[in-house]
Each structure stands twice: as structure tokens, then as C-alpha cells.
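**Q** After the C-alpha cells below, expect a handful of questions from me.
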Amino acid sequence: MTAINSELIIDSNLLRKNISYIKSRLQNESKFMAVIKSDAYGHNLESVTKNIDDLVEGYGVVRINEAKKIRNLSKKKVLLMQGIYSQEEFITAKKFNLDVVVHNHDQFKIFEENNYFKNLWFKVNTGMNRLGFEIDDFIDIYNEHLFDKKFVLMTHLAASNDKESISNHEQFKAFEDLTKKMHENVEKSIANTGCIMNFPDKSYDWVRCGIGIYGGYFKNKEILTAMTLRSPIVNLRQIKPGQEVGYDGRAKATEKMLIASVYLGYADGLPLAIEDGTKVMINNKIAEVFGRVSMDLTTIDVSHIKDCAVGDWCEFFSPELPISEIAKSNKLISYYFMTGIKSRVKKIFLST
């Protein structure tokens, strides 16, 4: 059995710093909902909840089992962001005092039949065209059932990262026009990370922040990647001009090179299609992927790193090498890497 291992180090201090920075951008007295679905974007749901609970007013998840785990750790709001789909789930949500998003007529029927209208968030479609009531349909529901009820009205922006996109302004207008038809006790929520960064005046009563907490937002250098994915070098090999590296000979040397084999591959969650030239970091110096990723290894050009040795750590992303870099250079998104790291990678959580 080998004693070496790849590692995913998660720094809760960086999670807290990111949250504090994002909250400083808010222009309204908005409540902060931390989106921690998908095991807190791969950061470990229980550990994240314990370490940020004093900084947030609520949590957003999709799976009801994750909501129950959070409820055992926190008294804050827990929102099922895609709602419930059965009477059994309704009973569970009520038992654990969960907030629930309602985004279609089938879901609303469950609450109507139970005559239960507490802790509800109603999602309207303003342009994302995934989930949510059409505005005219929701107005009908409001006029018949909700005109005297307290609830949260929400929608989802499709292009919040692009400040110049006209769709943002179209969605804001549709949402604001709708809110004018609601009573004054209706709370409002539209802002995700991109909206907070680009349109902080639209933070309303609740913001729902996900990727920014974890450092995957690529348009602000104040937000740091809270994960470090690293693995040791297990072999160094000199190759000559004309020699190929790895499966299919994708990478071919044009000069004398030093190639490091790093103990991490697609079985650990690194995408098979990682491109040559993808930047990594070894001994605080930038190196580049050279050759196709295999199941257990990735080959790296370390020709210019003179002090490189077997056992040195190779970082694929970290606070110093943002996860957005490996994502953008491979036409992927940060979420993919955060949630895709496999179980055989050792997870280390650094608590406050």
C-alpha cells in the first residue's frame, strides 16, 4: 500500500473572508443566504455549516437530506431551492421547519391541499426560462391565495456575470414591475454572486450567494479560492527532441525537456480533456501540463524549475492559483472542478 496521496485542502478562514468581503458589497440591509448545495460545492456541508454559521442568516440546498443535516447543526433558515415534489416531502419539510421554493402549479397544489402557506418562496420566470411561474400565472395565484400571506418573491438572473448584458435589465424590470403589484410585506430576492458584484443595489431582502463563497468567481481578485488541490511528483524524466509523452503521443518535445509525473489523474476527478499548457504551480513557480491525463497520473513540463524533485507538491488550484484559471483555460466552470473531485483524494478541512 502506498503512503503517498493527493490532497484537497479546504480553508474555512478563506470561506469566512470571502463571505465578509461579499457582504461588504451589499448596499441594502440584506440577509445573506449561503448556498451550500452539492455538499457545499464539494467543500463538505457539515464542516462549512459549523464554520460559517455566525456569518449567515440562512442556507440554500436542493436535496432534502442535505437540508436535514443542516437543521441538525443550525437554527438558521434552510431553503429547499427547487422545492418539494410529494406529500411525504411536505411532511418532512414541515417537521424540520424548512423554507421551500414553489416554482410550478404541481408544487403549489401540495401546499394548497394542506392549507399551509408558511416559509414559502415563490419563484417567477423573468428570462432564465428554466424554473418558475410565468408572471401572469403567478399574479392569478397571488390574487386568489397570497394577497394576505407573507412570503418571499424570487427570480434567477441568467447573465449576472456580464454587467453589460441587456437581459439583466430586462429581468430587473420584469421583477420590479411584478413587486409593485404585491403587498408591502412580501420580501424579495434576486441576487446571486454576480448580481452582488455587478448590481449591489439589487440585493433587496435576501441574497443567495454560492460560488463567491468558495472563491470560484473569476471577476474579482479579492475573492480567493478556498480549496487547494495538490498531489506529489512521483517521477522525473528527461526526454529528447522528438519524443512523445503520454497516451496517443499528444505532446511532442521540440527540445530537451524535464517531465514530472504527478500522482493525480482522471480517476481523481481531473478531466480527461485537460489541455496542454494548462497552468499548475510547483514550488511557487508556474509549470504546464504536457501530455494527456491518464487514470492516475498527469505529466507536467518542469524544464525551467531547477530545484524540482520527486515528492514536491504540484498544485492544480489554490488561493495563489485561482480555480477559475484551470476552468477558463479548459472551457469549463469552477463548479465542475469543485464538485468533481473523487473520494480517493484525501480531504483536509482547516477550521477556524
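**Q** Kindly evaluate Lys173 against the criterion of being surrounded by fewer than 21 Cβ atoms within 10 Å (Cβ to Cβ), in a loop (DSSP other than H, G, I, E, B) and among the charged types (D, E, K, R).
**A** Judged against the criteria, Lys173 is not a match.
**Q** Another question, then. Scan region 248-260 for residues that are surrounded by 21 or more Cβ atoms within 10 Å (Cβ to Cβ) and either within 18 Å of Ser334 (Cα to Cα) or free of Cβ contacts under 8 Å to residues at least 40 places away in the same chain (or both) and report the count.
**A** Count: 0.
**Q** Further question: Specify the residue that is farthest from Asp39 (Cα to Cα); the eligible residues are those in region 81-97 that are open to solvent by less than 70 Å² (accessible area, probe 1.4 Å) and touching a Phe, Trp or Tyr at 6+ places or on another chain (Cβ under 9 Å).
**A** Ranking the qualifying residues of region 81-97, first place goes to Phe90.
**Q** Looking at region 284-294, can you tell me whether even one residue there is in contact (Cβ under 8 Å) with a residue 40 or more places away in the chain, at positive phi and surrounded by 22 or more Cβ atoms within 10 Å (Cβ to Cβ)?
**A** There is at least one residue in region 284-294 that is in contact (Cβ under 8 Å) with a residue 40 or more places away in the chain, at positive phi and surrounded by 22 or more Cβ atoms within 10 Å (Cβ to Cβ).
**Q** Determine which single condition Phe349 fails, assuming it passes every other condition in (1) under 24 Å from Phe218 (Cα atoms); (2) surrounded by 16 or more Cβ atoms within 10 Å (Cβ to Cβ); (3) out of contact with any His (no Cβ under 9 Å at 6 or more places or on another chain).
**A** That leaves (3) as the condition not met.
**Q** Now for a separate question. With Phe117, Phe133, Phe96 as the choices, which residue is more than 30 Å from Ile166 (Cβ to Cβ) and in contact with a strand residue (DSSP E or B) (Cβ under 8 Å, 6 or more places away or on another chain)?
**A** Phe96
**Q** Against the conditions (1) open to solvent by 50 Å² or more (accessible area, probe 1.4 Å); (2) free of Cβ contacts under 8 Å to residues at least 60 places away in the same chain; (3) outside any helix (DSSP H, G or I); (4) within 30 Å of Phe172 (Cβ to Cβ), where does Val78 fall short? Just the number, please.
**A** Val78 satisfies all of (1) open to solvent by 50 Å² or more (accessible area, probe 1.4 Å); (2) free of Cβ contacts under 8 Å to residues at least 60 places away in the same chain; (3) outside any helix (DSSP H, G or I); (4) within 30 Å of Phe172 (Cβ to Cβ) except (1).
**Q** Taking region 167-191 only, how many residues are over 27 Å from Ile19 (Cβ atoms), among the acidic types (Asp, Glu) and in contact (Cβ under 8 Å) with a residue 12 or more places away in the chain?
**A** 1
**Q** Kindly indicate the residue of region 295-326 that is of a type in the set (D, E, K, R) and open to solvent by less than 60 Å² (accessible area, probe 1.4 Å) and also farthest from Pro232 (Cα to Cα) among those meeting that condition.
**A** Residue satisfying both the conditions and the ranking: Asp301.
**Q** If you go through region 262-271 one residue at a time, do you hit one that is open to solvent by less than 40 Å² (accessible area, probe 1.4 Å) and hydroxyl-bearing (Ser, Thr, Tyr)?
**A** No, that holds for no residue.
**Q** Here is a list: Val310, Val293, Val302. Which entry is β-branched (Val, Ile, Thr), modelled with pLDDT of 95 or more and within 26 Å of the chain's Cα centre (by Cα)?
**A** Val293
**Q** Let me ask something else. Go through region 190-204 and give me each residue that's within 16 Å of the chain's Cα centre (by Cα) and aliphatic (A, V, I, L, M).
**A** Scanning region 190-204 gives Ala191, Ile196, Met197.
**Q** Pairs please, first residue from region 192-207 and touching a residue at least 24 places away in the same chain (Cβ under 8 Å) and on the phi > 0 side of the Ramachandran plot, second anywhere and open to solvent by 10 Å² or more (accessible area, probe 1.4 Å) and of a type in the set (Asp, Glu), Cβ atoms under 8 Å, 6+ apart in sequence or on different chains.
**A** Tyr204/Glu187
**Q** Can you tell me which of Ala309, Ala267, Ala273 is touching a residue at least 60 places away in the same chain (Cβ under 8 Å), over 22 Å from Lys221 (Cβ atoms), out of contact with any Pro (no Cβ under 8 Å at 6 or more places or on another chain) and in a loop (DSSP other than H, G, I, E, B)?
**A** It is Ala309.
**Q** From the list Asp201, Asp205, exactly one residue is open to solvent by 60 Å² or more (accessible area, probe 1.4 Å), within 30 Å of Asp148 (Cβ to Cβ) and either of a type in the set (Asp, Glu) or at pLDDT below 95 (or both). Which is it?
**A** Exactly one residue qualifies, and that residue is Asp201.
The values are calculated or read from the model by the stated rules, or taken from the named source; none is laboratory data. The model shown is predicted, which means the values in this text are computed figures rather than measured ones. Methodologically, a virtual Cβ is constructed for each residue, glycine included, from the backbone with ideal geometry; neighbour enumeration extends over all protein chains shown. SASA here: full protein model, heavy atoms, side chains in, ligands and nucleic acids out. Shrake-Rupley method; radii C 1.70, N 1.55, O 1.52, S 1.80 Å.
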